[in-house]
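*Asks:* Mind looking over this structure? Questions follow.
The values are calculated or read from the model by the stated rules, or taken from the named source; none is laboratory data. Source: prediction; values computed, not measured. Using ideal geometry, Cβ is built from the backbone for each residue, glycine included, and neighbour counts are taken over all protein chains shown. Note: areas computed on protein heavy atoms with side chains; ligands, DNA, RNA excluded. Shrake-Rupley method; radii C 1.70, N 1.55, O 1.52, S 1.80 Å.
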Amino acid sequence: MSSFVSSPAARYRDGLRAAIPVAATVGFFGVSFGLVARAAGMGSLAPVILSATTFAGSAQFAISSILGASGGAAAAIAAAVLLNARYAPISISVAPLFRGSRLRRLFEAQLIVDESWALASRGGGRFERRILLGAGLLLYAAWLAGTTVGVVAGDNLGDPKDLGLDGAFPALFLALLAPQLRATRAAVAALVGGAIALVLIPITPAGVPIVAASAACLLGLRRRA
């Protein structure tokens, strides 16, 4: 009967397998980031280091875009902070799963991204740590490898937008969101978040709508009786 019991190592592998379709898109966008960052004058090494230490596509694209438009470092950092602020509630939701030393938790927390978090969700506010880490590790490798390819050989790869990849991430996030909408409260939170973003997009700087919309997730923090 032991052969039917899923071992801890098997759950990490399950996370890796679940992330394979997502990793392909993440890799392509990593290539795109490498191209944009190099064109923005960030050189060849800085984009790779940024991907290794930050691992946040939207924030990294914001930094490279602002620097490429001759914007200041303060504006680039502010945009990145706004875009990454959504990770505060995401991290709070999975914090009880992480154990061990602070250093271990720091390195494991690097693998918490939108996609790994969604893949690890088991509904009802429950998440599986090994799935999250397995998925996050593959996505991290794909993003870092893509960035490196984009920096080193991007000129020979063409524009990822020509392949329609500019629409791939929105479609991906919709696919990740759909399974989470089975509960009424989750559906309400999604609708409220979408409405907040829709109202703010035309009137606020980039990044603000995402941060404000993420406040809708607080609807799910109420403790069960």
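*Asks:* Could you give each residue of segment 107-119 its phi-based ³J(HN,Hα) in whole Hz, using Karplus coefficients 6.51, -1.76, 1.60 with θ = phi - 60°, and x for Gly or Pro?
*Replies:* Here the 3J(HN,Hα) series is 5, 5, 5, 4, 8, 7, 10, 3, 6, 5, 5, 5, 5 Hz.
*Asks:* Measure out, as a whole number of angstrom, how far apart the alpha-carbon centroids of segment 102-140 and segment 10-54 sit.
*Replies:* For segment 102-140 versus segment 10-54, the Cα centre distance is 16 Å.
*Asks:* Next question. How big is the Cα convex hull of segment 86-125 in projection, averaged over all directions, in nm²?
*Replies:* 2.9
*Asks:* Let me ask something else. For segment 62-106, just run the numbers: alpha carbon Rg, then divide by 2.2 N^0.38 Å, N being how many residues it has.
*Replies:* For segment 62-106, the normalised Cα radius of gyration comes out at 1.62.
*Asks:* At a probe size of 1.4 Å, how large is the accessible area of GLU115, to the nearest 10 Å²?
*Replies:* Accessible surface of GLU115 is approximately 20 Å².
*Asks:* Please give the contour-minus-distance gain from ALA95 to ILE201: 0.36 nm per residue of separation, less the Cα-Cα distance, rounded to one decimal in nm.
*Replies:* 35.1 nm
*Asks:* Say R0 is 25 Å: what FRET efficiency, to the nearest 0.05, do GLN110 and ALA75 get from their beta-carbon distance?
*Replies:* That pair, GLN110 with ALA75, gives E of 0.50.
*Asks:* Further, regarding this structure: Based on alpha-carbon atoms only, what is the radius of gyration of segment 1-98 relative to the globular estimate 2.2 N^0.38 Å?
*Replies:* On the way: Rg = 17.8 Å, N = 98, 2.2 N^0.38 = 12.6 Å.
The reported ratio for this selection is 1.41.
*Asks:* Step through the residues of segment 185-197 one at a time and calculate ³J(HN,Hα) from phi using the Karplus curve (6.51 cos²θ - 1.76 cosθ + 1.60, θ = phi - 60°), rounding each to whole Hz and writing x for Gly and Pro.
*Replies:* 5, 5, 5, 5, 4, 5, 5, 5, x, x, 5, 4, 5
*Asks:* Heavy-atom accessible area of ARG130 with all protein chains present, probe 1.4 Å, nearest 10 Å²?
*Replies:* In the full protein context, ARG130 sits at about 80 Å².
*Asks:* State the extension gain, in nm to one decimal, for the chain segment bounded by SER7 and LEU45, taking 0.36 nm per residue of separation less the distance between their alpha-carbons.
*Replies:* Values: separation 38, 0.36 × 38 = 13.68 nm, distance 3.92 nm.
Value of the extension gain: 9.8 nm.
*Asks:* From the residues SER101, GLY72, LEU83, which one has its Cα farthest along the dipole of segment 68-139 in the positive direction, the dipole being from +1 and -1 charges on Cβ of Lys/Arg and Asp/Glu about the Cα centre?
*Replies:* Looking along the dipole axis, the top candidate is SER101.
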